[in-house]
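In what follows, a structure is listed as structure tokens, so that the remarks can point back to it.
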Amino acid sequence: MRGMKVALMALAVAAAATTFNAATVAQTAPSSNAAPTADNAVMLTIFFKHDQTRPLDELNAQLQKQGFYKVFPPPGVEVVSWYVMMGIGQVVTLRLPASRLREVNRILEDTAWGAYHTEFYPTYDYKAVGIANHEKAQ
């Protein structure tokens, strides 16, 4: 768990270093809509944990009121997967340019908080390597 927190912190620091400048004081959405490329893309898995003290209809009404589905995911951010995880909520994996990490975070702060408790994990696609290792071991 500590290793995951360290990895997440390193990703956050790297993203902040690429997007922060002297004029940036508050968290505002950057104006860039850069597309993810092999040299700038990160994958981010987000756990949207339902607030289980409230009924689902109430949570959905809050998400609607806060405009969650209007702004998430933002244009130009690829949804790699979006699943319901029973007993947890929803798990979404995005692929985006590192420079847009702050934008995604801000969207979730403004529109998802209250209905969801969020957790963020930097991820990468390991499927081809895992399958190749399995086939090689046969």
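The values are calculated or read from the model by the stated rules, or taken from the named source; none is laboratory data. Treat the numbers as computed from the prediction; the structure is a model and nothing was measured. Note that each Cβ is placed from the backbone with ideal geometry, even for glycine, and that neighbours are counted across all protein chains shown.
Quick check on this structure: which one of 54, 95 is of a type in the set (D, E, K, R) and modelled with pLDDT under 95?
It is 54.
Looking only at residues that are under 15 Å from residue 69 (Cβ atoms) and of a type in the set (Gly, Ala, Ser) in the range 99-116, which one is surrounded by the fewest Cβ atoms within 10 Å (Cβ to Cβ)?
114
Tell me whether the range 96-105 contains one or more residues that are assigned to a strand (DSSP E or B) and not acidic (Asp, Glu).
yes
Right, residue 69: touching a strand residue (DSSP E or B) at 6+ places or on another chain (Cβ under 9 Å), modelled with pLDDT of 55 or more, among the hydroxyl-bearing types (Ser, Thr, Tyr) and not in a loop (DSSP other than H, G, I, E, B) or not?
The answer is no for residue 69.
Specify the residue that is surrounded by the most Cβ atoms within 10 Å (Cβ to Cβ); the eligible residues are those in the range 67-98 that are at positive phi and in contact with a helix residue (DSSP H, G or I) (Cβ under 8 Å, 6 or more places away or on another chain). It would help to see each step written out before you state the result.
Step one: of the range 67-98, the residues at positive phi are 67, 76, 87, 89.
Still in the running and in contact with a helix residue (DSSP H, G or I) (Cβ under 8 Å, 6 or more places away or on another chain): 67, 76.
Details: 67: 12, 76: 14.
Per the criteria, the residue is 76.
Give me the pairs: first residue in the range 118-138 and more than 30 Å from residue 52 (Cα to Cα), second residue in a strand (DSSP E or B), beta-carbon distance under 9 Å, and six or more apart or on different chains, which are they?
125/43; 125/80; 125/95
Mind telling me which of the residues 17, 34, 10 ends up being exposed (fewer than 11 other Cβ atoms within 10 Å of the Cβ) and modelled with pLDDT under 95?
Answer to the check: 17.
Please go through the range 117-127 and give me each residue that is over 11 Å from residue 45 (Cα atoms) and either at pLDDT 90 or above or surrounded by 10 or more Cβ atoms within 10 Å (Cβ to Cβ) (or both), ordered by number.
Correct list: 117, 125.
With the condition kept exactly as written, say whether any residue in the range 33-50 is of a type in the set (Ser, Thr, Tyr) and without any contact (Cβ under 8 Å) to a residue 60 or more places away in the chain.
No, that holds for no residue.
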